[in-house]
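Everything below concerns the one structure shown next.
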Amino acid sequence: MWDELVSLGVIASQSKRWKAQAGALLLFTEMPRPAPPAARSATLRPYQLDGYHWLSLLWDLRLGGVLADDMGLGKTVQTLAMASRAAANGTLGGEAGPLLIVAPTNVVSTWHEHAATFCLPLFPCETFCPVRHRQVRLST
C-alpha cells in the first residue's frame, strides 16, 4: 500500500504540505494571542491561556498538537476553547468538518459534559470501543 501511495504522489504532496505548514512556525517571532471565544462560560487561568494560544496557533496552521501536563490542570477546557474559536471562525463544523478527540473511556463523560457546558454551538457525540472489539489488527 505504501508503494502505491508513493506512486500516486500522495506521500510527496502530503510531505510538501506538512513541511510548509510546520515551516510557518519559524516565521513567528512571538506567539499569537487570540482572545478566547466570548461565548465560553469559563475563565481560563494564565497557564491555560498559554495552552489555548498554542492549540489555536497549531489549528490555524493546520497542524496537530498535544498538551501534556498533570491531570486536573484544564487541558479539556483549553482544547474546547480552541474548538469554540475554530467553530466561531468557520474552520470547524459544517462544511469545514468535525473535530475528533480520542480519550480514555474514563474521561469521555467529562469531555462530553464540558463540551455541553462550555461549547454551546458544538454538538459533541460520544463513541465507545469496548475491549471485546479491540481485537482487530491494523497492520501485518
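Just to be sure, is Asp69 surrounded by 12 or more Cβ atoms within 10 Å (Cβ to Cβ), more than 18 Å from Phe118 (Cβ to Cβ) and among the acidic types (Asp, Glu)? Show your work before the answer.
Working: surrounded by 12 or more Cβ atoms within 10 Å (Cβ to Cβ): no; more than 18 Å from Phe118 (Cβ to Cβ): yes; among the acidic types (Asp, Glu): yes.
Spelling it out, it is not the case that Asp69 is surrounded by 12 or more Cβ atoms within 10 Å (Cβ to Cβ), more than 18 Å from Phe118 (Cβ to Cβ) and among the acidic types (Asp, Glu).
What pairs come out if I take residues in the range 97-116 that are over 17 Å from Gly72 (Cβ atoms) and pair them with residues that are exposed (fewer than 14 other Cβ atoms within 10 Å of the Cβ) whose C-beta lies under 6 Å away, six or more apart or interchain?
Listed by first residue and then by second, the contacts come to His112/Glu126.
Pairs, please: C-beta under 8 Å, at least 6 apart or cross-chain, first residue touching a residue at least 12 places away in the same chain (Cβ under 8 Å) and outside any loop (DSSP other than H, G, I, E, B) and in the range 63-81, second buried (at least 19 other Cβ atoms within 10 Å of the Cβ) and hydroxyl-bearing (Ser, Thr, Tyr)?
Correct list of pairs: Gln78/Tyr52; Ala81/Tyr52.
For the range 33-72, enumerate the residues that are charged (D, E, K, R) and touching a Cys at 6+ places or on another chain (Cβ under 9 Å).
The initial filter retains those residues of the range 33-72 that are charged (D, E, K, R), namely 33, 40, 45, 50, 60, 62, 69-70.
Result: Arg40, single match.
Inside the range 77-95, can you point out the residues that are modelled with pLDDT under 85 and under 15 Å from the mean Cα position of the chain (by Cα)?
Gly93
Do the conditions hold for Leu26, that is, is it closer than 16 Å to Thr76 by Cα and either out of contact with any Lys or Arg (no Cβ under 8 Å at 6 or more places or on another chain) or not in a loop (DSSP other than H, G, I, E, B) (or both)? Walk me through it before giving the result.
Numbers: closer than 16 Å to Thr76 by Cα: no; either out of contact with any Lys or Arg (no Cβ under 8 Å at 6 or more places or on another chain) or not in a loop (DSSP other than H, G, I, E, B) (or both): yes.
Answer is no for this residue.
Would you please name the residue that is farthest from Ala38 (Cα to Cα), looking only at residues in the range 82-123 that are among the small types (Gly, Ala, Ser) and in a loop (DSSP other than H, G, I, E, B)?
Filtering the range 82-123 for residues among the small types (Gly, Ala, Ser) gives 83-84, 86-88, 90, 93-94, 96-97, 103, 109, 115-116.
Now restrict to residues that are in a loop (DSSP other than H, G, I, E, B): 90, 93, 97, 103.
Working: Gly90: 15, Gly93: 18, Gly97: 22, Ala103: 26 Å.
Going through the qualifying residues, I end up with Ala103.
Quick check, is Gly64 more than 25 Å from Ala22 (Cβ to Cβ) and at pLDDT 80 or above? Lay out the reasoning, then the answer.
Numbers: more than 25 Å from Ala22 (Cβ to Cβ): no; at pLDDT 80 or above: yes.
In short, no.
Working only within the range 37-61, note down all residues that are over 24 Å from Arg17 (Cα atoms) and not in a helix (DSSP H, G or I).
Pro37, Ala38, Ala39, Arg40, Ser41, Ala42, Thr43, Leu44, Arg45
The values are calculated or read from the model by the stated rules, or taken from the named source; none is laboratory data. Predicted model only: the values in this text are computed from it and were never measured. When we count neighbours, we look across all protein chains shown, and the Cβ atoms used for this are built from the backbone with ideal geometry, even at glycine.
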